[in-house]
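Contents: one structure, followed by commentary.
The values are calculated or read from the model by the stated rules, or taken from the named source; none is laboratory data. Just so we're clear, the structure is a prediction, and the values are computed from it rather than from any experiment. With ideal geometry, Cβ positions are generated from the backbone for all residues, glycine too; neighbour counts draw on all protein chains shown. Accessible surface is based on the protein model in full, side chains and every heavy atom, while ligands, DNA and RNA are left aside. Shrake-Rupley method; radii C 1.70, N 1.55, O 1.52, S 1.80 Å.
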Amino acid sequence: MATDYDAPRKNEEDQSEESIEELKARRHDKNSGKVDEDEAEAAESFELPGADLSHEELAVEVMPRQEDEFTCMSCFLVHHRSQLADAKKLICRDCA
């Protein structure tokens with residue numbers, strides 16, 4: 001914040017009086033109640049885990065695992081065979 005050194009300076013009493021007046025003005029501010037209302041409205045729009053999503057449809061086509069892919073037994077992601085680090089344990093390179 002820029003400081004104007006040519007401006008008249010206020011003493012501590014003037015600063016404390018202004019801060020008290022500002023606090024009183026904020027206390028009686030009519031907009032202070034709107035914060036609680038907005039929080040309540042926002043809480044209604046949140047979906048909690050385990051919510052009923054039976055009416056939703058997938059927008060992505062799900063394909064079965066291909067012959068050249070494997071499922072990692074550590075992270076359970078489907079990877080291409082080129083990412084296979086351990087053939088016996090079926091672990092991908094990221095998890096190895």
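Annotations for the structure displayed:
- Only protein heavy atoms count here; on that basis, with a 1.4 Å probe, Phe70 has an accessible area of about 0 Å².
- Sum of side-chain charges, Cys92 neighbourhood, beta-carbon under 15 Å (Lys, Arg +1; Asp, Glu -1): +1
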